[in-house]
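Q: Could you have a look at this structure, given as structure tokens, before my questions?
The values are calculated or read from the model by the stated rules, or taken from the named source; none is laboratory data. The shown structure was predicted, so the numbers you read here are calculated from the model rather than taken from an experiment. With ideal geometry, Cβ positions are generated from the backbone for all residues, glycine too; neighbour counts draw on all protein chains shown. Heavy atoms of the whole protein, side chains included, go into the accessibility calculation; ligands, DNA and RNA do not. Shrake-Rupley method; radii C 1.70, N 1.55, O 1.52, S 1.80 Å.
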Amino acid sequence: MKILVTGGAGFIGSCFVRLALQNPSLEIVNVDALTYAGNLENLASVADHPRYRFIKEDLCGLEGLRRIFDEAKADAVIHFAAESHVDRSIFSPQPVFETNLRGTFNLLEAMRANRVDRFIHVSTDEVYGSLEAPLEADENFPLQPSSPYSAAKAGSDLLVLGYFKTYKLPAMVTRASNNYGPYQFPEKLIPLMITNALDDKPLPVYGDGMQVRDWLYVEDHCRALLRILEKGRDGEIYNIGGNRSLPNKEVIDRILAFTGKPSSLIKTVTDRPGHDRRYALSSEKLTKETGWSPLMDFETGLKATVDWYRSNPEWVQHVKSGEYQSYYAKNYENRSHELSGIA
Ligand code: NAD
Ligand code: DAU
């Protein structure tokens, strides 16, 4: 089976590509614009693989996509490409609109002309918004997104489901919880805290740090996508959760313990506007229909992630140079006194 993935040079997409290539019956075409978050170093181990091909293309251009689809003759598409960071979506919503909505629309249009047998739209539990404990969102839970990022993801989910109903495009939507693991861009909580701690820089905690997220090891997410590709039903939504809810402060305490750094590095900073307090979701449907469940326990996965960042200082140095520096300098200037340790 030939799978065209979008956004395969990012954190989750690159994990999926590395994992999928272990299966001799899968061939991968990776279409990625290489934005600040796309990094071909994430795919160095498979760059010359005979069943792998990379194409640099921006989903925001429909003609380029059409050419790729005409030529690639893909059997399946897995759509990872997105502007994926909530904070960036708040500072600068335009690229979020362009990629998450227009890019998804273009992809759907390309597939309307060049039919595929399977399509997975990779989405997020953030579309359900913040949930009071002990609520858990199932796939029928109302959509209540809070940020430009999650609103655009919710819009793209609906667009995909609309193409299933109207054009019979064989599409599925997956909604995963917070991923962590190697190769994650250090703008997200876990890699930011690990890399700052390793460098003895401040760990910026938004507000009281008691916001709750459900943590999913990235390989568990990618295994779920492979199961859904095989066994999922067209037109369905599948939640993918890690079954491990923790307040941010507890995650940070574990990172401090694994890195051997003092809690004096923690700095409380101004809260994120519209910050969702708690995400929680049920993956019962996925488990029932495909037999999937997460394999990695959080402490083992977090320790492995800390070890990976400790062992890959060149990767960290590379992604934390250039654009990363100017992003923090520009967008955090009002809080630069609080966050001066980052840049
Ligand atoms: P990421 O930011 O690490 O990677 C995104 C990739 O998409 C990059 O390689 C980037 O170059 C590419 N890209 C961005 N805009 C593009 C465009 N216009 N055309 C082509 N390529 C483009 O993201 P991630 O964390 O790997 O997330 C992947 C997907 O999973 C996203 O759709 C995200 O919404 C979803 N998701 C992420 C998480 C998480 O915790 N990271 C959880 C649930 C769902
Ligand atoms: O829930 C799935 C979502 O998880 C994905 O759809 C998104 O792509 C992904 O970025 C992630 O969104 P979050 O906003 O939950 O992740 P982030 O790592 O940015 O933040 C996690 C929590 O940590 C959140 O409560 C905000 C807090 N935080 C984050 C950063 C970067 C801090 O306290 N300090 C920080 O510096």
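Q: How many of the residues in region 115-163 are under 26 Å from Arg67 (Cα atoms), in a strand (DSSP E or B) and among the hydroxyl-bearing types (Ser, Thr, Tyr)?
A: 1
Q: Confirm whether Asp199 is charged (D, E, K, R) and within 17 Å of the chain's Cα centre (by Cα).
A: Judged against the criteria, Asp199 is not a match.
Q: A further question on this structure: What are the residue pairs meeting all of these: first residue in region 47-67, first residue closer than 19 Å to Arg115 by Cβ, second residue open to solvent by less than 60 Å² (accessible area, probe 1.4 Å) and small (Gly, Ala, Ser), Cβ atoms under 6 Å, and 6 or more apart or on different chains?
A: Leu59/Ala81; Leu59/Gly103; Leu65/Ala110; Arg66/Ala110
Q: Out of (1) in a helix (DSSP H, G or I); (2) not assigned by TED's automatic domain parsing to the domain that holds Leu43, the odd one out for Arg223 is which?
A: Evaluating Arg223 over (1) in a helix (DSSP H, G or I); (2) not assigned by TED's automatic domain parsing to the domain that holds Leu43 leaves (2) as the failure.
Let's see how each residue does on (1) touching a strand residue (DSSP E or B) at 6+ places or on another chain (Cβ under 6 Å); (2) modelled with pLDDT of 95 or more; (3) surrounded by fewer than 21 Cβ atoms within 10 Å (Cβ to Cβ); (4) among the hydroxyl-bearing types (Ser, Thr, Tyr):
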{"site": "Val116", "(1), (2), (3), (4)": "yes, yes, yes, no"}
{"site": "Gly129", "(1), (2), (3), (4)": "no, yes, no, no"}
{"site": "Ala133", "(1), (2), (3), (4)": "no, yes, yes, no"}
{"site": "Asn140", "(1), (2), (3), (4)": "no, yes, yes, no"}
{"site": "Gln144", "(1), (2), (3), (4)": "no, yes, yes, no"}
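Q: Would you pick out the residues in region 137-150 that are within 16 Å of ligand 1 (Cβ to nearest atom) and over 15 Å from the mean Cα position of the chain (by Cα)?
A: Of everything in region 137-150, those that are within 16 Å of ligand 1 (Cβ to nearest atom) and over 15 Å from the mean Cα position of the chain (by Cα) turn out to be Ala137, Glu139, Phe141, Leu143, Pro145, Ser146, Ser147, Pro148.
Q: Something else now. Please list, ordered by first then second residue, the pairs with beta carbon atoms under 8 Å, 6 or more apart or interchain, first in region 311-329 and farther than 23 Å from Phe258 by Cβ, second modelled with pLDDT under 90 and open to solvent by less than 20 Å² (accessible area, probe 1.4 Å).
A: Hits for this filter: Tyr328/Leu339; Tyr328/Ile342.
Q: Shifting gears a bit: Report yes if Arg244 is closer than 23 Å to Glu284 by Cβ and away from ligand 1 (no atom under 16 Å from the Cβ), otherwise no. Give the derivation first.
A: Details: closer than 23 Å to Glu284 by Cβ: yes; away from ligand 1 (no atom under 16 Å from the Cβ): no.
No.
Q: Which strands (runs of 3 or more DSSP E) sit wholly inside region 1-103 and have at least 1 residues that are more than 10 Å from ligand 1 (Cβ to nearest atom), exposed (fewer than 15 other Cβ atoms within 10 Å of the Cβ) and assigned by TED's automatic domain parsing to the domain that holds Pro148?
A: Answer list for region 1-103: 52-56.
Q: Right, something else. Does Asn239 satisfy the condition of being part of a strand (DSSP E or B), at pLDDT 95 or above and within 12 Å of ligand 2 (Cβ to nearest atom)? Break it down into steps so the answer makes sense when it comes.
A: Values: part of a strand (DSSP E or B): yes; at pLDDT 95 or above: yes; within 12 Å of ligand 2 (Cβ to nearest atom): yes.
When the stated conditions are applied, Asn239 passes them.
Q: Next question, about the same structure. Evaluate region 260-271: report whether one residue or more is part of a helix (DSSP H, G or I) and closer than 25 Å to Cys15 by Cβ.
A: No, region 260-271 has no match at all.
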